[in-house]
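Below is one structure, written out as structure tokens; the observations come after it.
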Amino acid sequence: MNYIELGGGITSVTLCCPARYATINPTIAPEKLGTALDFLRKIFRNWRSLAFTRSWAALILALLATVSAAQGPENERPIPILTGSAGFFTNVNGGQAQLVPEMNPVILLPLGDRWLIESRGEFKGEFERPEGGGPYGGKVEKELDYLQVDFIANPLVTVTAGRFLAPFGIYNERLYPIWIRSLQQVPLIFPIGTGSSDGVMLRGGFPVRPKVNLNYAAYFSTLSTVNKFESDRTAGGRFGFFLPGPRIEAGVSWQKLLQEDRTNAFGFHLAWQPALLPLNLRSEYARSNLGSGYWIECAYRLSQLPFWSKAMRRTEVVARAQQLFAEHISENEAEVYGLPDVNTRQGDFGLNYFLRDGLKATASYGRRFSSDGNSNIWTVGIAYRFVFPLGRLGAK
Amino acid sequence: MKMKLVILALVLVLLSAIHGIAEPHKKDGPSKDGPSKDGASVAAVHNSGYGDAIRIEGEQRFRANCGRCHTAPQKFPPRMMATVVRHMRVRATITDQDMQSILRYLTQ
């Protein structure tokens, strides 16, 4: 490996590339940008090589990381991070066992004081035994949840462009990661108004009084049929408030489909974390042409129990009640959207044990009632959140 | 084959988690032991009323905002925490004041 350093007025760039390319001009003058550009032009001639493509990607990452690191004092410069979650779950739904390994890597790439590039992928396996027996098998879903550029324009507005999570309710944007969600089964109404969108979004949060914060998000999404970047042409937004004192949060969401049948979806969310109790209450309501429904979830950390305090403060019990009122959608539509096609009620009870920060064991039992038949849903698994720096941590 | 790759990746991640468990508890989050007490500058902050006020305010904002979705994370180095807080500012529409206060608290 050869290392070539390019001088710059603002920052410096360190390029690491395979020797076969470095031999084009291995004696680059470190301080001369013009020579460096000539070198880059020569490298461009060999762009067909896959190895070069990888080197170019590494160069871009190194450049972005270095630009990012060039801002602010040493100890406050944000650095790129690889984070995300991984988990392995066993679901038994109506007697059918399913193994679900899942990984959701997130890359955070800060640029300067106001920019952030962030992306999350999803790799999820769903392995079942075939009818009649045999080894577990199935497909691995690969999705790009978001790949967005955020520009913090001022304390009131952040501009987001790219592929982002639709700001509908609170579950899609904030509670979806497996290390965060209290129950691994997503709510029945989760598919309504959520998913990913390709477009532009304005969002922000600001105090209107010392004890009242407002937050909003408004977006426009374009139609895309590009693989992994599928999106509908929609417009929508969310408006809410948060009271930091009593820790109450509420808001409304709206989404308008600007294609096909131009339907609307509405949502409402409410959450409360009382300061005196290790309790977390959350709820959402959503309505669209596909159906309507709600979920209410209560998670209680047992840290106030007077016995086995070390274990109890790591233990959380969860309960969720939910109901979905299905509209007249076909079985195919229901499968596409991931919604039940008949009225459904479900109750879930769960137990989470936090082994350490970001690592928890989880188990839950749910009972589903519908005209298609009642069923039990068991889930056991483990979820982990990982965080790795992609740059120098600097002085401690 | 896909299943083997996924399981291999999960094993690697879980090994890193187990490695984290084996580490000393000095990295435990603010919810248990409060801010890190390493370093003279931190001690100076603790010894001053002004520093305490900032810390308490930061902790309150931290619990009010971050606790809406998840439990208190461990402390990361300041440069990592700056990235995480910026990400969360966008993701959770945290106000500018809250972000600054939480970042100060988490990097004390």
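The values are calculated or read from the model by the stated rules, or taken from the named source; none is laboratory data. Only a predicted model underlies this, so the values are computations on that prediction, with no experimental measurement involved. Every residue, glycine as well, gets a Cβ built from its backbone with ideal geometry; the counts of neighbours run over all protein chains shown.
All of A:166, A:161 fail the test of being on the phi < 0 side of the Ramachandran plot and surrounded by fewer than 17 Cβ atoms within 10 Å (Cβ to Cβ), apart from A:161. For the range A:235-268, taking the residues that are at pLDDT below 95 and in contact with a Leu (Cβ under 7 Å, 6 or more places away or on another chain), the one that is nearest to residue A:146 (Cα to Cα) is identified as A:259.
Counting just the residues of the range A:371-396 that are assigned to a strand (DSSP E or B) and more than 9 Å from every other protein chain (Cβ to nearest Cβ), which one comes out nearest to residue A:326 (Cα to Cα)? For the range A:371-396, the residue satisfying everything is A:375. Among the residues making up the range A:315-370, those that are part of a strand (DSSP E or B), in contact with a helix residue (DSSP H, G or I) (Cβ under 9 Å, 6 or more places away or on another chain) and more than 17 Å from residue A:295 (Cα to Cα) are A:315, A:316, A:353, A:355, A:356, A:359.
Summed over the range B:60-106, the residues that are out of contact with any Cys (no Cβ under 9 Å at 6 or more places or on another chain), facing another protein chain (nearest Cβ under 8 Å) and of a type outside the set (Lys, Arg) give a count of 22. Among the residues of the range A:284-303, are any of a type outside the set (Phe, Trp, Tyr), part of a helix (DSSP H, G or I), out of contact with any Phe, Trp or Tyr (no Cβ under 6 Å at 6 or more places or on another chain) and under 27 Å from residue A:243 (Cα atoms)? Yes, that holds for at least one residue. Evaluated against (1) assigned to a strand (DSSP E or B); (2) surrounded by fewer than 22 Cβ atoms within 10 Å (Cβ to Cβ); (3) aliphatic (A, V, I, L, M), residue A:226 falls short on exactly one condition, (1).
Among the residues making up the range A:329-350, those that are closer than 30 Å to residue B:72 by Cα and touching a Ser or Thr at 6+ places or on another chain (Cβ under 7 Å) are A:348, A:349, A:350. The residue that is nearest to the chain's Cα centre (by Cα), counting only those in the range A:93-135 that are within 19 Å of residue B:81 (Cβ to Cβ) and of a type in the set (D, E, K, R), is A:118. Scanning the range A:229-268 for residues that are farther than 25 Å from residue B:62 by Cα, crowded, with 17+ Cβ neighbours inside 10 Å and small (Gly, Ala, Ser) yields A:231, A:236, A:237, A:253, A:265, A:267.
Summed over the range A:55-89, residues that are at pLDDT 95 or above, exposed (fewer than 15 other Cβ atoms within 10 Å of the Cβ) and over 23 Å from residue A:394 (Cβ atoms) total 0.
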